[in-house]
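Throughout, read-outs are computed from the coordinates displayed, never taken from laboratory work. Worth saying up front: this structure is predicted, and the values here are computed from it rather than measured. Virtual Cβ from ideal backbone geometry, glycine too; neighbours counted across all protein chains shown.
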Amino acid sequence: ARCQEATVPAVPEPAQPRPEPTFDWSVFWTFLRPQILALSAAVVLALGAALLNVHIPVLLGQLVNVVAHCTRGHISSYLQEVRHPALRLLTVYCLQGLLTFGYIALLARVGEQVAGSMRKALFTSLLQQDVAFFDANRTGQLVNRLTADIQEFKSSFKLAISQGLRSSTQTAGCFVSLYLLSPKLTGLLLVALPVLVAAGALIGAFLRSLSRRAQEQVAKATGVADEALGNVRTVRAFAMEDRQAGLYCAEVDRAGWLNERLGLGIAAFQGLSNLALNGIVLGTIFVGGSLMAGDELSPGDLMSFLVASQTVQRSMANMSILLGQVVRGLSAGARVFELLTLEPSVALRGGKSIPSHSLLGRICFHHVSFSYPTRPGYLVLQDFTLTLPPCKTVAIVGPSGGGKSTVAALLERFYEPTQGTITLDGHDISSLDPSWLRGQVIGFISQEPVLFGTTIMENIRFGKPGASDAEVYAAARLANADDFIRSFPEGYNTVVGERGVALSGGQKQRVAIARALLKDPAVLILDEATSALDAQSEKVVQEALDRAASGRTVLLIAHRLSTIRGADLIVVLAQGRVAEAGTHEELLRRGGLYAELIRRQTKDKS
Ligand code: ADP
């Protein structure tokens with residue numbers, strides 16, 4: 001087996017990184033539309049709060065004037081005079097608080113609703129993708145899209161509305177004040193600012209691309225951690241902890257380095273913008289001074305101008321930071337929408353189905369050639385032709401990597417043949433409803449069954465969601481699983497999987513068999529179903545499988561030749577073609593590849 005495995009080509013590299021997707025506003029609109037009322041209300045409230053913010057300094061100034069006026073001696077009338085502006089200010093404060101509360105609460109609601117529906121839609125879309133899609137994309141990165149990217153998108157969206165509105169309103173409001181104070185100085189400011197903004201935008205673009213690379217690197221590191229933690233047994237079994245830690249450290253270091261560079265860039269950007277902003281103050285005083293000398297400006301006006309222009313600068317600085325955040329959010333959103341709008345090449349549903357009373361279960365592979373989408377140049381199957389007669393067992397044997405599991409994957413329509421057709425009772429399976437085919441016709445039992453973190457009952461019911469308890473028990477009995485399940489204190493309600501009881505390999509396999517049998521499939525695929533088991537469990541599982549096989553078309557993919565002697569037809573698959581076919585005796589007599597495999601396996605055992 002070792003020699004055979006050595007010939008298996010390396011696992012294909014994941015697909016090349018795709019170019020950065022663009023943000024699709026129409027998709028965004030479908031998520032936003034249901035929230036448009038709440039969003040409009042939030043925008044109106046936020047705008048109101050921002051306008052009040054512009055107005056508050058004016059009111060404050062009036063109050064200070066009154067206070068200053070009173071302190072010069074008219075103490076008796078102080079309360080009376082101060083009451084009116086103070087009350088007005090208090091009312092505006094209260095209103096401002098109320099509006100702030102309103103828009104933040106509404107925005108939180110809109111943000112959560114949009115993010116929630118994006119998550120749900122993305123998850124649904126991911127589950128519908130072709131199996132080839134999952135060959136090319138790491139699970140960790142996909143999970144990142146669901147969590148980090150949507151989170152990022154949501155927070156930038158909220159920031160864009162709340163801070164963006166505030167900053168732009170304040171900027172516009174203060175510009176009006178500036179203009180009223182001194183049109184000439186405002187004109188100068190208007191010349192200087194675009195130059196600075198353009199320079200800022202240039203540096204900003206560079207920083208954004210750096211930020212994107214840093215984000216991708218962080219996702220890559222997460223992917224490594226995810227893979228190692230998810231497969232901790234394999235890591236442990238190979239004593240690869242240090243190597244995996246080393247791999248993770250390298251990725252984290254690279255992410256850290258990129259993020260540090262990003263930090264450096266941001267720091268330089270901030271430093272330069274501070275310099276520019278302070279330069280504007282100096283310039284204003286310089287030019288304003290000359291205007292004062294010409295009696296075009298009073299010292300008080302110059303002071304007010306400085307204060308207002310500071311507010312403008314602060315708001316604009318805020319907006320530039322916000323812009324970076326918004327761009328990050330947009331690219332996170334674009335990555336999500338890219339997956340959302342991805343259409344699988346085989347839809348989950350749609351197509352014909354054969355009524356169960358006339359379903360025979362005859363399967364034919366006609367001249368099928370196939371290469372995996374991730375490895376287009378490499379033909380795994382070439383001109384593969386095979387018939388699985390109804391209610392018979394056909395075993396496929398052959399060297400590992402020869403394409404045995406690929407045959408099963410094609411039958412399940414996990415992939416589409418590159419050439420040739422596969423038929424079920426004469427119907428091309430590409431014209432049949434895939435969900436019917438997978439859900440009702442084919443039962444698939446693999447080498448390493450996966451159980452979900454729920455009760456055994458629910459795990460078996462996975463095979464047929466509407467099944468009654470009695471049907472589940474019957475399937476479990478057929479799979480030799482009923483006894484051991486009932487021996488647990490919680491019986492069928494025992495929770496298994498990562499958070500529950502750990503089942504042995506043989507027990508897991510029997511639960512998986514029960515799950516596959518529950519749908520009473522006409523076709524059963526057993527992909528090396530017992531090869532991961534010890535001799536004791538293999539016997540019990542084999543019994544269950546033999547029982548399960550009767551009355552069904554069975555495709556048996558076998559590693560251990562001992563399990564296939566009884567098959568009606570044995571096919572030897574080598575280099576993607578049927579090299580030999582016949583019964584055990586026929587093939588032994590022929591003295592070809594099969595006889596050689598048998599000889600080798602007997603020798604290995606002795
Ligand atoms: P067997 O079941 O006979 O061991 P497989 O059908 O698993 O063989 O694999 C046949 C060939 O296809 C091997 O070279 C293997 O590396 C390749 N292969 C299997 N699965 C994939 C996949 N998802 N993407 C790309 N190549 C694959």
For the pair Arg590 and Gln62, how long in nm is the line joining their label points, each one 7 Å along Cα→Cβ?
-> 10.1 nm
Once the Cα atoms of helix 299-340 and of the chain are each reduced to a long axis, what angle between those two axes, in degrees from 0 to 90 to the nearest 10, is obtained?
-> 10 degrees
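Estimate the FRET efficiency between Arg243 and Cys391 by the formula 1/(1 + (r/R0)^6), using the beta-carbon distance for r and 45 Å for R0, to the nearest 0.05.
0.35
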Sequence-distant residues sharing a close amide H with Leu432 (under 5 Å, placed H) = Lys352
Between segment 496-557 and segment 346-414, what's the alpha-carbon centroid distance in Å?
-> 20 Å
How far, in nm, would the chain grow between Asn278 and Ser562 when pulled straight, counting 0.36 nm per residue and subtracting the alpha carbon separation?
-> 93.8 nm
Among DSSP beta bridges lying fully in the chain, give the percent that are antiparallel, nearest 5.
-> 50 percent
Taking 0.36 nm per intervening residue step and subtracting the Cα-Cα distance, what contour gain separates His367 from Phe452 on full extension?
-> 26.9 nm
Here the percent of antiparallel bridges among DSSP beta bridges lying wholly in segment 415-545, to the nearest 5, is 40 percent
Return the whole-Å distance between the Cα centroid of segment 467-489 and the Cα centroid of segment 267-323.
-> 79 Å
Rounded to whole angstroms and listed largest first, the alpha-carbon spread of segment 104-169 along its three principal axes comes to 49, 18, 14
Can you pull the one-decimal nm distance between simple spin-label points at Ala535 and Tyr78, each 7 Å off the Cα toward Cβ?
-> 10.3 nm
For segment 439-579, rounded, prolate or oblate, judged on the Cα gyration tensor with a ≥ b ≥ c (square roots of eigenvalues), a/c < 1.5 rounded, else prolate if a/b > b/c?
-> prolate
Gain in length, Gln113 to Phe206, computed as 0.36 nm per residue apart minus the alpha-carbon separation, to one decimal in nm?
-> 30.2 nm
For the residue pair Glu260 and Thr22, what label-to-label distance in nm results when each label sits 7 Å from Cα along the Cα-to-beta-carbon direction?
-> 3.7 nm
Calculate how steeply helix 593-605 sits against the longest principal axis of the alpha-carbon atoms of the chain, using the helix alpha-carbon long axis, and give the answer as 0 to 90 degrees to the nearest 10.
-> 80 degrees
In degrees, nearest 10, the alpha-carbon axis of helix 469-478 is tilted away from the dominant principal axis of the alpha carbons of the chain by 50 degrees
The FRET efficiency for Ile104 and Ser125, from their Cβ-Cβ distance with R0 = 35 Å and rounded to 0.05, is 0.65
Hey, if you drop one equal point scatterer on each alpha-carbon of segment 64-123 and run the Debye formula without solvent, what base-10 log of I(q)/I(0) do you get at q = 0.13, 0.19 Å⁻¹?
-> -0.56, -0.76
How high is the FRET efficiency from Asp469 to Ser356, r the C-beta distance, R0 22 Å, rounded to 0.05?
-> 0.45
Excluding exposed DSSP-loop trypsin sites (Lys or Arg not before Pro) (at most 15 other C-beta within 10 Å), longest clean stretch of the chain | 73-348
Hey, what number do you get for the chain at 222 nm if only DSSP H runs of n ≥ 4 count, each worth -39500 (n - 2.57), divided across all residues, to the nearest 500?
-> -21000 deg cm²/dmol
Starting from the Cα gyration tensor of segment 336-463, take the square roots of the eigenvalues, sort them a ≥ b ≥ c, and report rounded, prolate or oblate (rounded when a/c is under 1.5, otherwise prolate if a/b is larger than b/c, else oblate).
-> rounded
Find the centroid of the Cα atoms in segment 131-183 and in segment 561-598, then give the distance between the two in whole Å.
-> 63 Å
Report, to two decimal places, the Cα Rg of the chain normalised by 2.2 N^0.38 Å (N = number of residues).
-> 1.41
